[in-house]
1. Kindly indicate which of V49, V27 is within 30 Å of W134 (Cα to Cα) and assigned by TED's automatic domain parsing to the domain that holds F131.
2. Go through (1) in contact (Cβ under 8 Å) with a residue 40 or more places away in the chain; (2) touching a Phe, Trp or Tyr at 6+ places or on another chain (Cβ under 7 Å); (3) not acidic (D, E) and name the single condition I276 misses.
3. Which numbered condition trips up K167, out of (1) on the phi < 0 side of the Ramachandran plot; (2) modelled with pLDDT under 90; (3) more than 21 Å from the chain's Cα centre (by Cα); (4) surrounded by fewer than 16 Cβ atoms within 10 Å (Cβ to Cβ)?
4. Checking the conditions here, which among N168, N148 is outside any helix (DSSP H, G or I) and within 30 Å of L34 (Cα to Cα)?
5. Which numbered condition trips up S264, out of (1) within 30 Å of F75 (Cβ to Cβ); (2) modelled with pLDDT under 95; (3) in contact with a Leu (Cβ under 7 Å, 6 or more places away or on another chain)?
6. When the stretch 13-60 is examined, which residues are found to be among the basic types (K, R) and in contact (Cβ under 8 Å) with a residue 60 or more places away in the chain?
7. Can you name the number of the only condition in (1) at pLDDT 90 or above; (2) loosely packed, with under 15 Cβ neighbours inside 10 Å; (3) small (G, A, S) that S205 fails?
8. Return the residue satisfying two criteria in turn: it lies in the stretch 190-202 and is surrounded by 17 or more Cβ atoms within 10 Å (Cβ to Cβ) and aliphatic (A, V, I, L, M), and of such residues it is modelled with the lowest pLDDT.
Amino acid sequence: MLNRKNKLLLLKVLSLFSVVRGYNILVIALAQYLASIYILAPDLPLRQVVFDVNLLVIVMASAMVIAAGYIINNFYDAEKDLINKPRKSMLDRLVSQRFKLTTYFVLNFLAVIAASYVSFRAVFFFSSYIFGIWLYSHKLKRVPLLGNFISATLAITPFFVVFVYYKNFENVIFVHAIFLFLLILAREMVKDLENISGDVAQNYSTIPIIYGANISKTIITCLILFTLLPSLLLIFKFDIGYMNFYFIGCIGLLLLFIFLLLKSKNKKDYVWLHNILKLIIVAGVFSILLIDIDLVLNRIL
């Protein structure tokens with residue numbers, strides 16, 4: 001049995017994990033490795049990719065910057081989240097704002113130090129990434145549409161750094177990136193619908209607040225329809241192995257998403273829509289394995 005002190009410590013650890021969204025960071029790290037193995041460097045031996053120290057450092061630096069980004073975003077959105085996410089906010093508040101900010105600076109410092117092991121360009125990249133996240137959290141997220149666009153761009157940046165590292169410029173990679181970007185951008189706009197109450201209370205200027213929910217739904221519908229184009233290209237034009245079944249499933253889910261979006265009326269509906277897009281994104285990470293299911297075994301043998 002845990003005593004009161006240990007229970008409080010455990011709750012604080014869970015609180016910090018909640019603030020930095022550790023589960024998201026783990027998924028992103030896994031996605032970086034799978035993308036490197038199956039998409040960005042498919043011709044390199046498995047061991048060379050998996051045990052590449054530079055790649056490990058890049059993934060670790062990305063994880064630390066993303067964690068720090070969630071902290072600074074949590075810091076600026078603390079009041080808004082009390083309205084939009086009251087239960088999560090109560091857990092997050094078990095860790096003081098001062099400790100969060102200290103952790104934010106430590107994580108960013110460690111990320112830059114780690115990047116210096118790779119190259120000066122990596123230091124410049126991650127320093128710019130840190131600044132971009134802070135600028136978004138402090139100012140840009142309040143700008144309608146631009147804030148959504150910047151948020152989606154920052155979300156795919158960890159994959160961009162791995163892409164640059166391997167210098168693979170094949171068209172299939174750009175099509176994958178467009179699909180993911182459009183999906184994340186649509187998710188960001190759904191979150192605006194989901195968080196209207198808190199945004200209004202904190203004087204945020206979002207598309208549903210300024211132009212209304214129907215205009216927001218129209219933009220999201222257009223984004224989802226645009227997302228179907230890279231899905232069809234990946235199915236019919238590029239060799240992506242059994243991953244084409246993932247994109248076939250995506251098309252069905254996205255059409256269902258549009259139907260539910262047009263019928264949505266309240267926060268509960270928007271939460272369901274958000275979860276559908278999150279499911280598609282997370283499933284996409286694991287579906288990378290379907291590109292060549294024999295790849296790992298062949299390389300080991």
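1. Result: V27 is the single residue among V49, V27 that is within 30 Å of W134 (Cα to Cα) and assigned by TED's automatic domain parsing to the domain that holds F131.
2. It is condition (1) that I276 fails.
3. Going through (1) on the phi < 0 side of the Ramachandran plot; (2) modelled with pLDDT under 90; (3) more than 21 Å from the chain's Cα centre (by Cα); (4) surrounded by fewer than 16 Cβ atoms within 10 Å (Cβ to Cβ) one by one, K167 breaks only (1).
4. Exactly one residue qualifies, and that residue is N168.
5. Going through (1) within 30 Å of F75 (Cβ to Cβ); (2) modelled with pLDDT under 95; (3) in contact with a Leu (Cβ under 7 Å, 6 or more places away or on another chain) one by one, S264 breaks only (1).
6. Once the filter is applied, which keeps residues that are among the basic types (K, R) and in contact (Cβ under 8 Å) with a residue 60 or more places away in the chain, the stretch 13-60 yields only R47.
7. With (1) at pLDDT 90 or above; (2) loosely packed, with under 15 Cβ neighbours inside 10 Å; (3) small (G, A, S) applied to S205, the lone miss is (1).
8. Looking at residues that are surrounded by 17 or more Cβ atoms within 10 Å (Cβ to Cβ) and aliphatic (A, V, I, L, M), I get I196.
The values are calculated or read from the model by the stated rules, or taken from the named source; none is laboratory data. Predicted model, so just to flag it, every value in this text is computed and none were measured. When we count neighbours, we look across all protein chains shown, and the Cβ atoms used for this are built from the backbone with ideal geometry, even at glycine.
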